[in-house]
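Shown next, in structure tokens, is the structure this report addresses.
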Amino acid sequence: MPSTANHTVAVGMPAADSGVFQTSPGMLRRRVLGPWAEGVKQYLALRLGDGRRGREAFQSLARIVNAMPHEELLAPPGPKGQLYHLARAVVETERVMPGFVAPDPVELRFQTGRRGRALARMRDGLDAQASELLELRYARELSLEELAFAMELTVPDAELALDQAEAKARQLLGSFAPDPADTTATAYVDAYAVARSWAEGTPPLGIEDDDRGLPAGTLIGGRYELLEHVGMGAFGDVYRAADVEVPGHVVALKLLRTPSLSESARQSALRELKLNAAVFHPSLVQFKDHGWFEQRLWFVMPWYEGETLEARMRRGALGRAEARRIFEPLARALAALHEAGIRHQDIKPENILLTRLTGHEDGALLPVLIDLGVAAEGHETMLGGTPLYFSPEVARRYIAEGHVGPEVDRPADVFALALSLRNALEPSTQAEVVSGAVSAFVAQRAEHPPPRLEGRDLRYLRATFDRWLSLDPSERPSAHELIDELAILTLPEERRARRGRILRWVLPILTLALVAGALGAYALERRGAEAREARAQAADARADLIVENARREALEEGHQALLQQYEQSRMSRGQLAAQLATTEGQTRILRGELSQAIARRDAVSAQLRARERALDDTRTERDDARAEIGRLSGTLRATERRAERAERAHTEASERAARAESARDAAASEVSRLTHALDLAERRAAVAQEQVADLTARVASAEASRDLALAAAEAARRPLAAPADSAPAEGSAESAEPASR
């Protein structure tokens, strides 16, 4: 990530108060090499054709700047012009060194595609001076006065040479030539942008051995022994130090670079300390002690073992769940700051420390928001921050040099935190300061939001980030609202988990219902078999009853036959009695068997009715189970349909928003193009009118001159013509007179 993007700047207050140009040589060099360092490094690398040589040349340049009197560095046209003038001198010195070989081209960022080939054609078609003029003017953003000073030209000569270089470049670029109304000239900026990888793996530049702070072993405040210099902030150096009064206790100690020589300066130096003491939150760095060392303020903070979010991003993108665990505590910390009436103003991955809590077996992560060096209270107009994380309203104030512009308040912090989250989710597509052209980048940020997320699993977040990163501060959520809205990061997983819970609740019911259905079917089958058996037994009983009835009727008919026989045959009473005794015995036997059959039939019928009632109960239970299964299945399908409709609605809304955004951008671009065309046409018409007026005046002048010339010629002819005409008359008269004589 380019250093320019990470450099904190302060705007909105006079230079004498802002600390942008301090009288301390070390501070001055940092301020000069800070905002423009990346551009100078790329300029040197392109001129020397080698990234290593470019970095070495930058170190040489840093030493030269460090040794210069600050009055000389601040002399007109200003430090930037002085810096590039020195850079050109360093390049010339390197070129005349023994063993110098003509450089090979440094790998550039934009080389592919039709546009990349057009940019290469432009670079190859320009001579060295024209190419350097375009690079310094647009990619390195030098003013015309700074450009003339750096190139050792007069301002008129520099302007003429630049116009000629632009005309030639437009001819070479063809359809890719920048619009004349585009003051940033993006094509020229991109033409000299060195590839991102050119300086990877190299240590920070511009810090020499004699500028690494106090030596190890220095005792601060009679208690804190410096162990090592670990970093540089916007206004101070950070050390790892040992607390000699508490053996084994290590702290972080920040020491400001500028001495505070007056009471007002001391109060100004204590500003960060006071702002931080006004609010407490676990995810805000806390100060434990402070004091003065050689009239410079120092303060002690806890020593956190961990890494910055920026370092974590260099290892790869954050997952959405990991990002939520990091950014929810940060949003709470920011809300606590805002409740206290404080704006942080420099939220970025470099100022977010990811530390592991000691004493926790699971190594719980604690994100900490650090560096309140440019923080401000609500009534203060001072602005600060890092260009890469400027909100649009801060960018507009930056362009206006802090004097005018929109009001900047807490939504700017929300923008920076949301942008840090966006870049952590997809570092490969984050915006960057191409060629180190800070002003061009800030002008772009003032009118256009950061690029949208491209990953397939992140596209559903586009509409949310469009609101979080809106150009209009009023459309962004507050820090408190952001805490709740960050839940959208894990919404897909929560939906899947919710569906899983529903299924885990419904599946046992469905399984139970299926088992109950199977058991019911088995019971129904078994009871059906028993019912069939009972029906068979009842049928047998009815058959037996029919048989017995037939036998009884036969016996009764037999009685009648005996009585008739007795009447007819006069059978003796004894014979008749014997016959009747035999018949009645058989009848009694038959009646007993019949009674038993009827009893058996009644028992079977009762058993059958009981089994039929049980069968009816089982059928009712089965129908109830089937109805419950149907109801639950309907509820599940309705829930799934609602979820699908909600997802489709969200996707359609996101797509509509994206189409509307694209249409708006296209319309804005068309309006801009038409406006420019109209302005150009009006300018051309004005020029044409001026030319017509000029030609008319010239024609009138020419006609007047012609008339004067004709008049003069006529006047000249008249005095000469009269003697010429009279001479022959006199001569003829004289010649005629002798003839008459």
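Quick note: the coordinates plus some simple rules give every number you see, no bench work behind them. These numbers come from a predicted model, not from an experiment. Please note: Cβ atoms are built from the backbone with ideal geometry, for glycine as well, and neighbour counts cover all protein chains shown.
Each of R123, R706 was scored by other Cβ atoms within 10 Å of its Cβ. Listed from fewest to most, they are R706, R123. Simple spin-label estimate for A713 and R626 gives 12.4 nm between the two label positions (7 Å along the Cα-to-Cβ direction from each Cα). Exceedance of the 32 Å cut-off in Cα-Cα distance is limited, within the set K80/K274; K41/K168; K80/K288; K288/K348; K80/K168, to K80/K274; K80/K288. For F110, the residues 5 or more places off, or on other chains, whose built amide H falls under 5 Å of its own are A193.
Summing Lys and Arg as +1 and Asp and Glu as -1 over all other residues whose Cβ lies under 13 Å from the Cβ of I347 gives a net charge of -1.
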